[in-house]
Amino acid sequence: MKRNAIYPGTFDPFTNGHLDVLERALNIFDEVTVVIAENNQKNALFSVEERQTMIEEIISEYRGVDVRVLHSGLLADYARQLGATAIIRGVRQVKDFEYEFQMSLLNRHLYPEVTTVFLMPNVKYTYVASSIIREVAMLGGDVSKFVHPCVMEMLNGKRENLHQNKS
Ligand code: PNS
(Lines give C-alpha, C1' and ligand atoms only; values in the text may rest on other atoms or scores of the structure.)
Protein backbone atom coordinates (compact mmCIF):
# COMPACT_ATOMS: atom_id res chain seq x y z
CA MET A 1 0.00 0.00 0.00
CA LYS A 2 1.24 3.46 -0.90
CA ARG A 3 1.88 5.90 1.91
CA ASN A 4 0.31 9.21 0.94
CA ALA A 5 0.68 12.47 2.81
CA ILE A 6 -0.58 15.98 2.34
CA TYR A 7 1.54 19.04 3.03
CA PRO A 8 -0.89 21.92 3.62
CA GLY A 9 -0.12 25.57 4.04
CA THR A 10 -0.75 29.08 2.82
CA PHE A 11 2.59 29.18 0.96
CA ASP A 12 2.43 32.92 0.26
CA PRO A 13 5.07 32.49 -1.09
CA PHE A 14 6.60 28.99 -1.07
CA THR A 15 10.08 29.30 0.48
CA ASN A 16 13.22 27.17 0.54
CA GLY A 17 12.19 26.24 4.10
CA HIS A 18 8.96 24.75 2.69
CA LEU A 19 10.99 22.93 0.03
CA ASP A 20 13.32 21.53 2.68
CA VAL A 21 10.32 20.14 4.61
CA LEU A 22 8.83 18.76 1.38
CA GLU A 23 12.08 16.96 0.51
CA ARG A 24 12.16 15.39 3.98
CA ALA A 25 8.54 14.28 3.58
CA LEU A 26 9.36 12.71 0.20
CA ASN A 27 12.04 10.61 1.94
CA ILE A 28 9.34 9.12 4.16
CA PHE A 29 6.20 8.97 1.99
CA ASP A 30 5.56 7.55 -1.48
CA GLU A 31 3.39 10.48 -2.53
CA VAL A 32 3.03 13.96 -1.11
CA THR A 33 0.33 16.41 -2.19
CA VAL A 34 1.10 20.04 -1.49
CA VAL A 35 -2.24 21.61 -0.54
CA ILE A 36 -2.53 25.37 -0.89
CA ALA A 37 -5.23 26.44 1.55
CA GLU A 38 -7.14 29.48 0.38
CA ASN A 39 -7.29 31.33 3.67
CA ASN A 40 -9.64 34.27 3.32
CA GLN A 41 -8.59 35.68 6.68
CA LYS A 42 -5.11 36.31 5.43
CA ASN A 43 -4.31 39.22 3.15
CA ALA A 44 -2.39 37.32 0.49
CA LEU A 45 0.25 38.82 -1.78
CA PHE A 46 -0.09 36.02 -4.36
CA SER A 47 -3.34 34.59 -5.67
CA VAL A 48 -3.80 30.84 -5.20
CA GLU A 49 -3.30 30.43 -8.97
CA GLU A 50 0.05 32.25 -8.76
CA ARG A 51 1.06 30.11 -5.79
CA GLN A 52 0.08 26.95 -7.65
CA THR A 53 2.14 28.06 -10.68
CA MET A 54 5.23 28.77 -8.55
CA ILE A 55 5.01 25.46 -6.67
CA GLU A 56 4.42 23.48 -9.89
CA GLU A 57 7.57 25.00 -11.34
CA ILE A 58 9.61 24.28 -8.20
CA ILE A 59 8.51 20.64 -7.94
CA SER A 60 8.78 19.87 -11.67
CA GLU A 61 12.06 18.03 -11.07
CA TYR A 62 10.71 15.96 -8.17
CA ARG A 63 8.87 12.63 -8.33
CA GLY A 64 5.89 11.65 -6.19
CA VAL A 65 4.60 15.15 -5.56
CA ASP A 66 1.70 17.20 -6.88
CA VAL A 67 -0.08 20.44 -5.98
CA ARG A 68 -3.76 21.11 -5.29
CA VAL A 69 -5.78 24.00 -3.96
CA LEU A 70 -8.24 23.70 -1.08
CA HIS A 71 -10.72 26.50 -1.79
CA SER A 72 -13.00 25.80 1.14
CA GLY A 73 -13.85 23.18 3.73
CA LEU A 74 -11.88 21.24 6.26
CA LEU A 75 -8.39 20.01 5.67
CA ALA A 76 -9.25 16.76 7.48
CA ASP A 77 -12.07 16.07 4.98
CA TYR A 78 -9.75 16.81 2.10
CA ALA A 79 -7.08 14.47 3.52
CA ARG A 80 -9.71 11.72 3.80
CA GLN A 81 -10.90 12.41 0.24
CA LEU A 82 -7.33 12.05 -1.08
CA GLY A 83 -6.70 8.91 0.98
CA ALA A 84 -3.84 10.61 2.84
CA THR A 85 -2.91 9.11 6.17
CA ALA A 86 -0.51 11.86 7.19
CA ILE A 87 -0.46 15.63 7.39
CA ILE A 88 3.00 17.16 7.17
CA ARG A 89 3.73 20.34 9.10
CA GLY A 90 7.06 22.10 9.37
CA VAL A 91 8.00 23.43 12.79
CA ARG A 92 10.80 25.92 13.14
CA GLN A 93 10.56 27.13 16.70
CA VAL A 94 8.92 26.22 20.00
CA LYS A 95 6.41 29.06 19.52
CA ASP A 96 5.02 27.27 16.43
CA PHE A 97 4.13 24.29 18.54
CA GLU A 98 1.07 25.41 20.52
CA TYR A 99 -1.04 26.15 17.44
CA GLU A 100 0.29 23.06 15.64
CA PHE A 101 -0.51 20.84 18.62
CA GLN A 102 -4.11 22.15 18.73
CA MET A 103 -4.54 21.76 14.99
CA SER A 104 -3.13 18.23 14.92
CA LEU A 105 -5.44 17.03 17.73
CA LEU A 106 -8.46 18.66 16.09
CA ASN A 107 -7.60 17.07 12.76
CA ARG A 108 -7.25 13.70 14.49
CA HIS A 109 -10.67 14.20 16.09
CA LEU A 110 -12.16 14.97 12.66
CA TYR A 111 -10.31 12.17 10.84
CA PRO A 112 -8.98 9.56 13.33
CA GLU A 113 -6.94 7.71 10.70
CA VAL A 114 -4.76 10.75 10.02
CA THR A 115 -1.46 11.40 11.81
CA THR A 116 0.25 14.77 11.81
CA VAL A 117 3.97 14.48 11.21
CA PHE A 118 6.10 17.43 12.35
CA LEU A 119 9.31 17.93 10.44
CA MET A 120 12.08 20.39 11.25
CA PRO A 121 13.73 22.15 8.33
CA ASN A 122 17.46 22.75 8.19
CA VAL A 123 18.50 25.17 10.93
CA LYS A 124 19.43 27.79 8.29
CA TYR A 125 15.69 28.22 7.60
CA THR A 126 14.71 28.66 11.28
CA TYR A 127 13.90 32.33 10.80
CA VAL A 128 12.48 32.05 7.27
CA ALA A 129 8.75 32.70 7.25
CA SER A 130 6.62 33.68 4.25
CA SER A 131 5.44 36.82 6.06
CA ILE A 132 9.01 38.08 6.55
CA ILE A 133 9.98 37.18 3.00
CA ARG A 134 6.98 39.18 1.68
CA GLU A 135 7.78 42.19 3.83
CA VAL A 136 11.51 42.29 3.10
CA ALA A 137 11.02 41.66 -0.63
CA MET A 138 8.39 44.40 -0.98
CA LEU A 139 10.80 46.82 0.70
CA GLY A 140 13.52 45.90 -1.80
CA GLY A 141 15.62 43.60 0.40
CA ASP A 142 17.48 40.64 -1.07
CA VAL A 143 15.71 37.37 -0.22
CA SER A 144 17.17 35.34 -3.07
CA LYS A 145 18.87 32.91 -0.65
CA PHE A 146 15.51 31.93 0.81
CA VAL A 147 13.33 31.38 -2.26
CA HIS A 148 13.52 29.61 -5.61
CA PRO A 149 14.55 31.87 -8.57
CA CYS A 150 11.01 31.66 -10.00
CA VAL A 151 9.59 32.96 -6.70
CA MET A 152 12.19 35.73 -6.69
CA GLU A 153 11.06 36.75 -10.16
CA MET A 154 7.41 36.79 -9.06
CA LEU A 155 8.27 38.83 -5.95
CA ASN A 156 10.14 41.35 -8.10
CA GLY A 157 7.07 41.60 -10.34
CA LYS A 158 4.85 42.31 -7.32
CA ARG A 159 7.27 44.96 -6.05
CA GLU A 160 7.34 46.71 -9.42
CA ASN A 161 3.53 46.70 -9.57
CA LEU A 162 3.38 48.12 -6.07
CA HIS A 163 5.70 51.01 -7.03
CA GLN A 164 3.81 51.68 -10.29
CA ASN A 165 0.50 51.82 -8.43
CA LYS A 166 1.94 54.25 -5.88
CA SER A 167 3.41 56.66 -8.47
O1 PNS B 1 0.80 28.06 6.25
P2 PNS B 1 -0.19 28.15 7.36
O3 PNS B 1 -0.88 29.49 7.32
O4 PNS B 1 0.43 27.87 8.68
O5 PNS B 1 -1.30 27.03 7.10
C6 PNS B 1 -2.37 26.82 7.97
C7 PNS B 1 -3.35 25.78 7.42
C8 PNS B 1 -3.70 26.08 6.00
C9 PNS B 1 -2.69 24.43 7.47
C10 PNS B 1 -4.60 25.83 8.31
O11 PNS B 1 -5.12 27.11 8.30
C12 PNS B 1 -5.65 24.84 7.84
O13 PNS B 1 -5.53 23.69 8.12
N14 PNS B 1 -6.66 25.34 7.11
C15 PNS B 1 -7.71 24.51 6.53
C16 PNS B 1 -9.05 24.66 7.20
C17 PNS B 1 -9.18 23.71 8.34
O18 PNS B 1 -9.28 22.51 8.17
N19 PNS B 1 -9.16 24.24 9.54
C20 PNS B 1 -9.23 23.43 10.73
C21 PNS B 1 -7.89 22.93 11.13
S22 PNS B 1 -7.96 22.14 12.68
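The values are calculated or read from the model by the stated rules, or taken from the named source; none is laboratory data. What you see is a predicted model; the values in this text were computed from it and never measured. FYI the Cβ positions are ideal-geometry reconstructions off the backbone, even for glycines, and counts take in every protein chain you see.
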Problem - Scan of the range 12-25 for residues that are within 11 Å of Gly90 (Cβ to Cβ) and either within 14 Å of the ligand (Cβ to nearest atom) or of a type in the set (A, V, I, L, M, F, W, C) (or both), ordered by number - result: Thr15, Gly17, His18, Leu19, Val21, Leu22, Ala25
Exercise for the section: Kindly indicate whether any position in the range 122-132 is more than 16 Å from Gly9 (Cβ to Cβ), within 14 Å of the ligand (Cβ to nearest atom) and loosely packed, with under 14 Cβ neighbours inside 10 Å. Expected result: no
Fill in the blank from the handout: Exactly one of His18, His109 is out of contact with any Lys or Arg (no Cβ under 6 Å at 6 or more places or on another chain), assigned to a helix (DSSP H, G or I), more than 30 Å from Glu135 (Cα to Cα) and modelled with pLDDT of 95 or more, and that one is His109
Problem - Among the residues listed as Glu113, Glu135, the single one being without any contact (Cβ under 8 Å) to a residue 24 or more places away in the chain, more than 10 Å from the ligand (Cβ to nearest atom) and charged (D, E, K, R) - result: Glu135
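When you scan the range 28-35, do you find a residue that is part of a helix (DSSP H, G or I), away from the ligand (no atom under 16 Å from the Cβ) and free of Cβ contacts under 8 Å to residues at least 40 places away in the same chain, even just one? Explain how you work it out, then say what you get.
Start the filter on the range 28-35 by keeping residues that are part of a helix (DSSP H, G or I), which leaves 28.
Adding the requirement that they be away from the ligand (no atom under 16 Å from the Cβ) leaves 28.
Still in the list and also free of Cβ contacts under 8 Å to residues at least 40 places away in the same chain: none.
No, the range 28-35 contains no residue that is part of a helix (DSSP H, G or I), away from the ligand (no atom under 16 Å from the Cβ) and free of Cβ contacts under 8 Å to residues at least 40 places away in the same chain.
Search the range 36-74 for residues being of a type outside the set (Asp, Glu) and in a strand (DSSP E or B), and hand back the single one that is surrounded by the fewest Cβ atoms within 10 Å (Cβ to Cβ).
At the first step, the residues of the range 36-74 found to be of a type outside the set (Asp, Glu) are 36-37, 39-48, 51-55, 58-60, 62-65, 67-74.
After this cut, where a residue has to be in a strand (DSSP E or B) as well, the list is 36-37, 65, 67-70.
Values: Ile36: 24, Ala37: 18, Val65: 21, Val67: 20, Arg68: 15, Val69: 13, Leu70: 19.
Only one residue fits best here, namely Val69.
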Completion exercise
Of the residues in the range 120-130, those that are assigned to a helix (DSSP H, G or I), in contact (Cβ under 8 Å) with a residue 24 or more places away in the chain and out of contact with any helix residue (DSSP H, G or I) (no Cβ under 6 Å at 6 or more places or on another chain) number 1
Exercise for the section: Within the range 102-110, identify whether any single residue is within 14 Å of the ligand (Cβ to nearest atom) and under 17 Å from Phe11 (Cα atoms), and answer yes or no. Expected result: no
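Looking at Val151, Val136, which is the one that is at pLDDT 95 or above, over 16 Å from the mean Cα position of the chain (by Cα), closer than 25 Å to Val48 by Cβ and part of a helix (DSSP H, G or I)? Spell out how you get there, then give the answer.
On the way: Val151 fails: over 16 Å from the mean Cα position of the chain (by Cα).
Within the list Val151, Val136, the selection yields Val136.
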